[in-house]
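Some notes on the structure that comes next.
The values are calculated or read from the model by the stated rules, or taken from the named source; none is laboratory data. Just so it is clear, the model here is predicted, and its values are computed rather than measured. Using ideal geometry, Cβ is built from the backbone for each residue, glycine included, and neighbour counts are taken over all protein chains shown.
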Amino acid sequence: MENARIAEFFSRIADILDIQGENPFRVRSYRNVARIIADLSSNLAELVKEGGDPKQFAGIGESSAEKVAEIVETGRLKFLEELEGKIPKGLTELLRIEGLGPKKVKVLYEDLGVDSVARLEKAARAGKLRELAGMGAKTEENLLKSIEHYRRGVGRFKLSVGMSYAGELVEYLSKVKGVKQLEPAGSLRRRQETVGDLDILAICSAGCEVMDGFVKYDGVEEVIAKGETKSSVRLQGGMQVDVRMLEEESFGAALHYFTGSKAHNVAIRGRAQQRGLKVSEYGVFRVKDDERVAGKSEEEVFGAVGLPFIEPELRENRGEIEAADEGKLPELLKLSDIRGDLQMHTKASDGKDSIETMARKAKELGYKYVAITDHSKAVRVAGGMDEKELAKHLKAIEKANEKVEGIEILKGVEVDILADGSLDLADWVLEECDVVLASIHSRFNMPEEEMTERIVKGISNLNVDIFAHPTGRLILERPAYEVNLKRVFEAAKELGVVMEINAYPDRLDLNDVNARMAKDMGLRISIDTDAHAATQLELMRFGVYTARRAWLEKADVINSYPLKKLLKALR
DNA sequence: GCCGTTTTCGGCCCGACTGTTTTCAGTCG
């Protein structure tokens, strides 16, 4: 069972208890457990089956450990089923509506019988909500807007999309009177694979008009809030943006605070508390006399709680604070460490550019080598090649390699693993290649067991060097296929097969959590763009972001190696 | 519900903005 599915049980408990008005700390505790489980870099169900104890993870106690055991064993949880019997099903869905929290949901249900989004809309349109304590006409209006937003299903955006929105907005705001410095924070700065909204920090001089300028931005569809130091808008397309104005002396504290994650911040604050300190977005203060001890830079803030600087990509409370405390933070991979790209396509299959164009662009990026890896015949829509065509193509690669100076062009292929686990091309032609990537492009919806067998069989072919986009997911579009990754990793470790982080922004596959599990199991990683045009070679940075979120260092990533060492790392 | 170089009980992160109030509760991040 996936960690996400186990986590879901705890989230649902938290939602229901929240609406029932249960002790907020108990509710938080359940939410905390859900998050911890979802973030684990190993499979919890397997760990439990092997006799492991969930209590080893801080935040999971006796009660939750028992619940995990029941879920793993039976696939159900009595406690949750009892809770669900007490309130209508639609009630927890109401919590997803912006502006509605547990207190209002409870009142709406008890006083008006509202138990679904549809009924909420009806009640709001009929002007019934204003009869309730603490609600008025404005509340009705706002909730109707929120319902519309919710129905449109606009929630999260790919990181690449968020970065382009942020870039344009920063460009615009930098021209507003009095704006001295702008810094996007939030999940964007942590390079999370999707972002829900944008947080932009602004340092201003006196008489700054940043808030007025912001709400007048061309792309603004709706102003949600406008204050002196904080405003929120929704852009056309649905993305919410918050801008905060702050003083230079609290910039570091604010940057840290608004970069999050929330879980990281809570942990840092707890740590501060033990030291008699209080952390807010304005700085770090001594509790006894309110004396400010840090705030100008993030280094200062971390220093005040006895820690070295922690890179934004690590701030998920997934062990980074403990590692920092023990001086064991990883030295994260940098984009400038990358010396080559091992997956790209040319006109020979579904790419737009020639071998030579791809190689020259790679050279421009400072790379020492690339692998040309077009599709095999099973991927018909992409113009995949059969053995004869590939053999000819490999000759063309050799020629290009002679022609383009200063970069090594490796002969490669991305060969399909067919439904029965065999490879789409015969061994004789695979043996001619320097780099063979194996991957899956068909029959995604197999049962887990079958898919796992298929993959293990596929990568067992001695010609396979790298398993490409290992889970097949497309962010926000298509879920990963069912596969027991742990078993795939164990087999790959045994066989010496490298796992890929596909850097294409729609894929980022492996993701951060899985890549970290691969590292922990002793596997090595190749970060490849999967470029289908020369300009897409620049997408490497997204793969590096994911690698950094997975705690990867230079030694973990084979395409940071010099050519000779790389060739040794391949089979 | 979780946790413990003050603790097995009594705490648990902190502040801005809104809408409804007339001093504040609810929500959000």
Report, by residue number, each residue of region A:543-569 that is part of a helix (DSSP H, G or I) and of a type in the set (D, E, K, R).
-> A:Arg548, A:Arg549, A:Lys554, A:Asp556, A:Lys564, A:Lys565, A:Lys568
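With the condition kept exactly as written, say whether any residue in region A:166-174 is farther than 20 Å from A:Gly237 by Cβ and in the same structural domain as A:Val241 (by TED's automatic domain parsing). Can you show your working first?
First, pick out the residues of region A:166-174 that are farther than 20 Å from A:Gly237 by Cβ: A:174.
After this cut, where a residue has to be in the same structural domain as A:Val241 (by TED's automatic domain parsing) as well, the list is A:174.
So far as region A:166-174 goes, yes, one or more of its residues are farther than 20 Å from A:Gly237 by Cβ and in the same structural domain as A:Val241 (by TED's automatic domain parsing).
With the requirement that a residue be more than 9 Å from DNA strand B (Cβ to nearest atom) and closer than 13 Å to A:Arg96 by Cβ, what does region A:121-151 give you? First the steps, then the outcome.
Let us first name the residues in region A:121-151 that are more than 9 Å from DNA strand B (Cβ to nearest atom), namely A:121-128, A:131, A:143-145, A:147-151.
Scanning region A:121-151 gives A:Leu143, A:Ile147, A:His149, A:Tyr150, A:Arg151.
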If only one of A:Lys519, A:Lys457 is more than 22 Å from A:Leu365 (Cα to Cα), basic (Lys, Arg) and surrounded by fewer than 20 Cβ atoms within 10 Å (Cβ to Cβ), which one is it?
-> A:Lys457
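Give region A:514-571 a look and list any residue that's in contact with a Pro (Cβ under 7 Å, 6 or more places away or on another chain) and more than 25 Å from A:Gly384 (Cα to Cα), or say none. Write out each step before concluding.
Narrowing region A:514-571 to residues in contact with a Pro (Cβ under 7 Å, 6 or more places away or on another chain): A:539, A:542, A:551, A:553.
A:Phe542, A:Trp551, A:Glu553 - these are the residues of region A:514-571 that are in contact with a Pro (Cβ under 7 Å, 6 or more places away or on another chain) and more than 25 Å from A:Gly384 (Cα to Cα).
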Residues of region A:283-306 being at negative phi, modelled with pLDDT of 90 or more and within 11 Å of DNA strand B (Cβ to nearest atom), in sequence order, are A:Val284, A:Phe285
Residue check, A:Glu316 within 16 Å of DNA strand B (Cβ to nearest atom), surrounded by 18 or more Cβ atoms within 10 Å (Cβ to Cβ), of a type in the set (D, E, K, R) and modelled with pLDDT of 90 or more | yes
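Among the residues of region A:97-113, write down those that are more than 12 Å from DNA strand B (Cβ to nearest atom) and either under 35 Å from the mean Cα position of the chain (by Cα) or of a type in the set (Asp, Glu) (or both). Don't jump to the end; show me each part of the working.
To start, the set of residues in region A:97-113 that are more than 12 Å from DNA strand B (Cβ to nearest atom) comprises A:110-113.
Listed by number, the residues that qualify are A:Glu110, A:Asp111.
Checking the condition within 30 Å of the chain's Cα centre (by Cα), of a type outside the set (A, V, I, L, M) and either surrounded by 13 or more Cβ atoms within 10 Å (Cβ to Cβ) or within 30 Å of A:Arg152 (Cα to Cα) (or both), which residue from A:Gly237, A:Gly213, A:Gly227 passes?
Details: A:Gly213 fails: within 30 Å of the chain's Cα centre (by Cα); A:Gly227 fails: within 30 Å of the chain's Cα centre (by Cα).
The match here is A:Gly237.
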Check off (1) farther than 21 Å from A:Asp520 by Cα; (2) crowded, with 22+ Cβ neighbours inside 10 Å for A:Ala468 and give me the number that stays unchecked.
-> (1)
Only one of A:Ala65, A:Ala118, A:Ala45, A:Ala123 that is at negative phi and in contact with an Asp or Glu (Cβ under 7 Å, 6 or more places away or on another chain) | A:Ala65
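Going through region A:457-487 one residue at a time, which ones are of a type in the set (Phe, Trp, Tyr) and modelled with pLDDT of 90 or more?
Start the filter on region A:457-487 by keeping residues that are of a type in the set (Phe, Trp, Tyr), which leaves A:467, A:481.
Matches in region A:457-487: A:Phe467 only.
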Enumerate the pairs (first residue in region A:87-102 and without any contact (Cβ under 8 Å) to a residue 24 or more places away in the chain and in the same structural domain as A:Gly134 (by TED's automatic domain parsing); second residue anywhere and within 9 Å of DNA strand B (Cβ to nearest atom) and not acidic (Asp, Glu)) with beta-carbon separation below 6 Å, excluding pairs fewer than 6 apart on the same chain, so at least 6 apart or on different chains.
-> none
If you go through region A:75-96 one residue at a time, do you hit one that is under 30 Å from the mean Cα position of the chain (by Cα), of a type in the set (D, E, K, R) and over 30 Å from A:Glu2 (Cβ atoms)?
-> no
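So that you can scan it fast, the table gives a plain yes or no per residue for (1) in contact with a helix residue (DSSP H, G or I) (Cβ under 8 Å, 6 or more places away or on another chain); (2) under 20 Å from A:Asp197 (Cα atoms); (3) within 9 Å of DNA strand B (Cβ to nearest atom):
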residue: A:Lys226; (1), (2), (3): yes, yes, yes
residue: A:Leu235; (1), (2), (3): yes, yes, no
residue: A:Phe251; (1), (2), (3): no, no, no
residue: A:Ala254; (1), (2), (3): no, yes, no
residue: A:Thr259; (1), (2), (3): yes, yes, no
residue: A:His264; (1), (2), (3): yes, yes, no
residue: A:Ala272; (1), (2), (3): yes, no, yes
Checked region A:528-542 for anything assigned to a loop (DSSP other than H, G, I, E, B) and of a type in the set (Gly, Ala, Ser); matches are A:Ala533
Quick one: would you say A:Glu22 is within 14 Å of DNA strand B (Cβ to nearest atom), more than 26 Å from the chain's Cα centre (by Cα), modelled with pLDDT of 90 or more and in the same structural domain as A:Gly101 (by TED's automatic domain parsing)?
-> no
Working only within region A:190-213, note down all residues that are more than 12 Å from DNA strand B (Cβ to nearest atom) and touching a strand residue (DSSP E or B) at 6+ places or on another chain (Cβ under 9 Å).
-> A:Glu193, A:Thr194, A:Ala202, A:Ile203, A:Cys204, A:Ser205, A:Cys208, A:Glu209, A:Asp212, A:Gly213
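Just for helices (runs of 4 or more DSSP H) wholly inside region A:34-132: which have at least 1 residues that are under 30 Å from A:Gly319 (Cα atoms)? Spell out the reasoning first.
Working: elements: A:44-49, A:62-74, A:78-86, A:90-94, A:102-112, A:117-125.
Qualifying helices (runs of 4 or more DSSP H): A:44-49, A:62-74, A:78-86.
Conditions tested, residue by residue: (1) over 21 Å from A:Gly75 (Cβ atoms); (2) of a type in the set (A, V, I, L, M, F, W, C).
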site: A:Asp15; (1), (2): no, no
site: A:Glu22; (1), (2): yes, no
site: A:Phe25; (1), (2): yes, yes
site: A:Ser29; (1), (2): yes, no
site: A:Ala34; (1), (2): no, yes
site: A:Ser42; (1), (2): no, no
site: A:Asp53; (1), (2): no, no
site: A:Glu62; (1), (2): yes, no
Residue that is surrounded by the most Cβ atoms within 10 Å (Cβ to Cβ), among those in region A:319-335 that are of a type in the set (D, E, K, R), in contact (Cβ under 8 Å) with a residue 12 or more places away in the chain and in a helix (DSSP H, G or I) = A:Glu320
Would you please list the contacts, defined by Cβ atoms under 6 Å and residues six or more apart or on different chains, that run from a residue in region A:223-249 that is closer than 13 Å to A:Val210 by Cα and touching a residue at least 24 places away in the same chain (Cβ under 8 Å) to a residue that is among the aromatic types (Phe, Trp, Tyr) and crowded, with 19+ Cβ neighbours inside 10 Å?
-> A:Val243/A:Phe214
Out of (1) touching a residue at least 24 places away in the same chain (Cβ under 8 Å); (2) away from DNA strand B (no atom under 12 Å from the Cβ), the one A:Lys78 does not meet is (1)
Of all residues in region A:236-250, how many are within 16 Å of A:Ser164 (Cβ to Cβ) and touching a Cys at 6+ places or on another chain (Cβ under 9 Å)?
-> 0
